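The values are calculated or read from the model by the stated rules, or taken from the named source; none is laboratory data. In this text, all values refer to a predicted model and were calculated from it rather than measured experimentally. Cβ placement follows ideal geometry from the backbone for every residue including glycine, while neighbour counts extend to all protein chains displayed. These accessible areas exclude ligands, DNA and RNA; they are computed on the full protein's heavy atoms, side chains included. Shrake-Rupley method; radii C 1.70, N 1.55, O 1.52, S 1.80 Å.
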Amino acid sequence: MSIRKHIPNTITCCNLISGCIATCFAFFHEPEMALIWIIIGAVFDFFDGMSARLLHVSSPIGKELDSLADDVTFGVAPSTILFSQLLVMDYPSVLQPVTDYLPFVAYVMAAFSALRLAKFNLDERQALGFIGLPTPANALFWGSLIVGAHQWLETSTLMPLVLIAGMLVSCYLLVSEIPMFALKFKHWGWKGNEVKYIFILSCIPLLAIFKISAFAVIIAWYVLLSIGVDLYQRKANTTAGE
């Protein structure tokens, strides 16, 4: 029992270590390797919770450790990828006096990731879905975008501002009250799982078309689909209440 109870926390620590490695690669301007280690961290993040449930060894310290590891892997690491990208980009001449400081704005995303994780720990509404954008999805979006669209991001001096604006949108989505579906199945039938199956099936051509950038496109599609479903349900509830 003494060994078994430490297995989930050990897996969580592997997630944390993966995030540290990803951050180091990002600092050395190797976003491809950083993205790989973020994905490895996401795999560990998936299995730590699963192992805790299977072994019946969930604990308060495991919950806190999981949030800490997630903020490193899915908050600090993608923020550092963005920081390193902003560090080497050309800025409009009007911003030249502050170009040495603007890249640090990327770490606002790490702070909002921590806030989102803290809210998740206290929010009992997120058992079967999410309220706001999950941090792993946000991390995959930024890692994939910068790796896959690296050359396109350097085509204009306005691109740094586009990235910063996109980062601020991500910060809002992380802590927003927008319901977003989770890929959790109570059964495998079509009824009740329509949105999940549509999303999964649509990801296949996206992966084939966009290659490494597909993660960014898929996460953007996930957000838009979640918003669409929420608006549809709100409209249906309003109609039913009339």
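For segment 199-216, how many residues meet the condition of being open to solvent by less than 90 Å² (accessible area, probe 1.4 Å) and in contact (Cβ under 8 Å) with a residue 12 or more places away in the chain?
Total satisfying the criteria: 11.
Can you tell me which residues in segment 206-242 are in a helix (DSSP H, G or I) and more than 25 Å from the chain's Cα centre (by Cα)?
Matches in segment 206-242: Arg234, Lys235, Ala236, Asn237, Thr238, Thr239, Ala240, Gly241.
Are any residues in segment 20-38 over 15 Å from Phe83 (Cβ atoms) and buried (at least 18 other Cβ atoms within 10 Å of the Cβ), and if so, which ones?
Selection gives Ile21, Trp37.
Is it true that Lys196 is charged (D, E, K, R), surrounded by 10 or more Cβ atoms within 10 Å (Cβ to Cβ) and not in a loop (DSSP other than H, G, I, E, B)?
Yes, satisfied.
Only one of these conditions is not met by Ala220: (1) open to solvent by 30 Å² or more (accessible area, probe 1.4 Å); (2) at pLDDT below 90; (3) within 13 Å of Leu133 (Cα to Cα). Which number is it?
The number of the failed condition is (2).
Need the failing condition index for Met180 against (1) part of a helix (DSSP H, G or I); (2) crowded, with 16+ Cβ neighbours inside 10 Å, just the number.
So the condition that Met180 fails would be (1).
Leu224: free of Cβ contacts under 8 Å to residues at least 24 places away in the same chain and out of contact with any strand residue (DSSP E or B) (no Cβ under 6 Å at 6 or more places or on another chain), yes or no? It would help to see each step written out before you state the result.
On the way: free of Cβ contacts under 8 Å to residues at least 24 places away in the same chain: yes; out of contact with any strand residue (DSSP E or B) (no Cβ under 6 Å at 6 or more places or on another chain): yes.
When the stated conditions are applied, Leu224 passes them.
Which residues, counting only those in segment 141-164, are within 14 Å of Glu30 (Cα to Cα), open to solvent by 50 Å² or more (accessible area, probe 1.4 Å) and assigned to a helix (DSSP H, G or I)?
none
For Met167, indicate whether it is touching a residue at least 24 places away in the same chain (Cβ under 8 Å), touching a Leu at 6+ places or on another chain (Cβ under 9 Å) and outside any helix (DSSP H, G or I). It would help to see each step written out before you state the result.
Numbers: touching a residue at least 24 places away in the same chain (Cβ under 8 Å): yes; touching a Leu at 6+ places or on another chain (Cβ under 9 Å): yes; outside any helix (DSSP H, G or I): no.
Taking the combined requirement at face value, the residue does not satisfy it.
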